[in-house]
Amino acid sequence: MASPRTLFTASRLQTWTYLLGVCPFSIAFLVFINSSISFVVTELIGLRDGEGDAVGTLGFADELLALIACPLWGVLSDRIGVRHVCTTGYAIVALALILFVQAKNVYPQLLLGRLLFSLGGAAVSTMVTAVLPAVAGSHSAQHKPASESQKNTASSSRLAGFVGMCAGCGALVSLVVFLPLPARFQQWGLSPAEAIQRSYYLVAAVSLVISAVCFFGLRNLPGEEGKSWSSLWSARRRGAPDGGDSCPYAHKFQLPYLEQLGTAFALGFQNSDIFLGYLGGFVARASSVGISLFIPLAVNHYYRQSGLCGSQDGEAASAGDIKKSCHRAYVLASILTGVSQLVALIAAPAFGYLSDRSRRRHVPLLAACLVGLVGYTTFALLPSPEFNGDHGSPGVFVVMGLVGVSQIGAIVCSLSVLSSGILSMSDASSMEDQFWSEQSDPSEDEEEDCPVTAAEEDEDRPLMAHRMGRKGRHLAHLKGSIAGVYSLYGGAGILILTKLGGLLFDVLSSGAPFYIMAGFNGALLLAGLVSGFIGHSRPAAPAGYGA
């Protein structure tokens, strides 16, 4: 088996830090707080009425802030570097977990704690996307042969598969290690409130450790040279020389923050790979809600409508807690979602491999969309979600497998396509530089490496035309901003499905959220087909410029 150094351009330490630190724990801490927050509300704060409304409001506020914070963290990472954002994000998560269990009321204390967690969680989740091209990309953007560019794109596809698998493992870490902690502390004689507090303290300590691991493990990432906290207040203006011996154009050409974000948005309409990556992120994040929220809700609705919960169970607990009010529905929902996540975990490396083998036509992404279209539509049409009984069928496991394959396919392939789009911009800029260097005299090379002054701009317009032609190079160094917009699309997918799906679930049909998800997958499938057709019919680029 090839070593990480062979597969990726980053070092072994950087690759393992990304795969075993950044990726899994960005999910693990989110799963932990989402799964345990109801116990904080009931056991620690003592709220008995309106628990469901409080938890729902906290979750909505979290996602709303993340929708704004993700692009901002992405833009910030283009200035200070992904390493510093990862380190800061996990440190904020640790602080939020500690403060969370100090709250004495839901509003405003618990809400502020959840918003602080959202701020840190947005940072680390955005960096999962931003670090990927840095690990899979090249150490140097200068004079890179086409074969090397293809290797970098292939590496990003394979790495995306590992990212999906490691993210799934992060959810397992939370379920197997973090969530049982309160019960274990109670077995040691602590009260429920104390057990929850100790659990949060321990998980916060883990977050601090991961923060330190990111600080040391992500040092000197390729393409991150010259990025530090000092860049926030000493950022160079466009075209301003710094007097150094060499002038890497990527670091001299800096855009204002809002222009960085606007450029990242605009790239979604200019680069087909980045557009598909954004749209894939929208579908991927919406899929996570479709599985984790609406499948249990649909199962619970079926049991209640069929009178299978039992009257004593329904009266014994609040209607907002499926686990207590209808235990049979909770067990079935856990089995179904568990099957989908298990299939997704197994399929993640396969999607990475397939994306590597057929990255030009995006066949794996299109296949995942088609599978999702079939899976979600079929689940909505099932007479019963049970796998036994008069109306049940074991075929529901096949349907859940299709849903899981669709989810992980959207995650892995959207990351792969997005990373490929970022790397292709870098490769195109490098090929353009090589072309211009071959057309210029050797005596001009030194001047070309440093920014021109205003006087030179007036004296030599052809040179400035060349300079503006080279403006595209800075786009390859907006991977943080692009990752932020990717997360923004994902957050929008969650909010749209949550609000629209929940509304139609109540007023139209319990299958409405799944029809919406089928529509999302259908839209992504159509976009992928159109993009592939346009890319296939596009004429080849002139010699010297690259594709």
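The values are calculated or read from the model by the stated rules, or taken from the named source; none is laboratory data. Quantities reported herein were computed from a predicted structural model and do not represent experimental measurements. Note that we place each Cβ from the backbone using ideal geometry, even for glycine, and neighbour counts take in every protein chain shown.
Under the condition of being over 22 Å from the mean Cα position of the chain (by Cα), assigned to a helix (DSSP H, G or I) and of a type in the set (G, A, S), the residues counted in segment 256-307 number 1.
I'm trying to understand the selection: among the residues of segment 21-53, which are farther than 29 Å from L159 by Cβ and in contact with a Leu (Cβ under 6 Å, 6 or more places away or on another chain)? Listed by number, the list holds a single entry, V41.
Checking the condition crowded, with 18+ Cβ neighbours inside 10 Å and in contact with an Asp or Glu (Cβ under 6 Å, 6 or more places away or on another chain), which residue from G81, G89 passes?
Working: G89 fails: in contact with an Asp or Glu (Cβ under 6 Å, 6 or more places away or on another chain).
Matching residue, one of G81, G89: G81.
For segment 386-402, the set of residues classified as farther than 15 Å from P364 by Cα and either modelled with pLDDT of 90 or more or touching an Asp or Glu at 6+ places or on another chain (Cβ under 9 Å) (or both) consists of G392, S393, G395, V396, F397, V398, V399, M400, G401, listed by residue number. In segment 505-523, the condition of being closer than 24 Å to D62 by Cβ, touching a Lys or Arg at 6+ places or on another chain (Cβ under 6 Å), of a type outside the set (K, R) and modelled with pLDDT of 50 or more is met by no residue. Listed conditions (1) of a type in the set (V, I, T); (2) in contact with a helix residue (DSSP H, G or I) (Cβ under 7 Å, 6 or more places away or on another chain); (3) modelled with pLDDT of 80 or more are all met by V331, apart from (2). The sole residue among G372, G401, G389, G352 that is surrounded by fewer than 16 Cβ atoms within 10 Å (Cβ to Cβ) and either farther than 25 Å from G170 by Cβ or in the same structural domain as Y515 (by the TED database) (or both) is G389. Looking only at residues of segment 375-386 that are crowded, with 21+ Cβ neighbours inside 10 Å and assigned to a loop (DSSP other than H, G, I, E, B), we find that the one that is farthest from the chain's Cα centre (by Cα) is E386.
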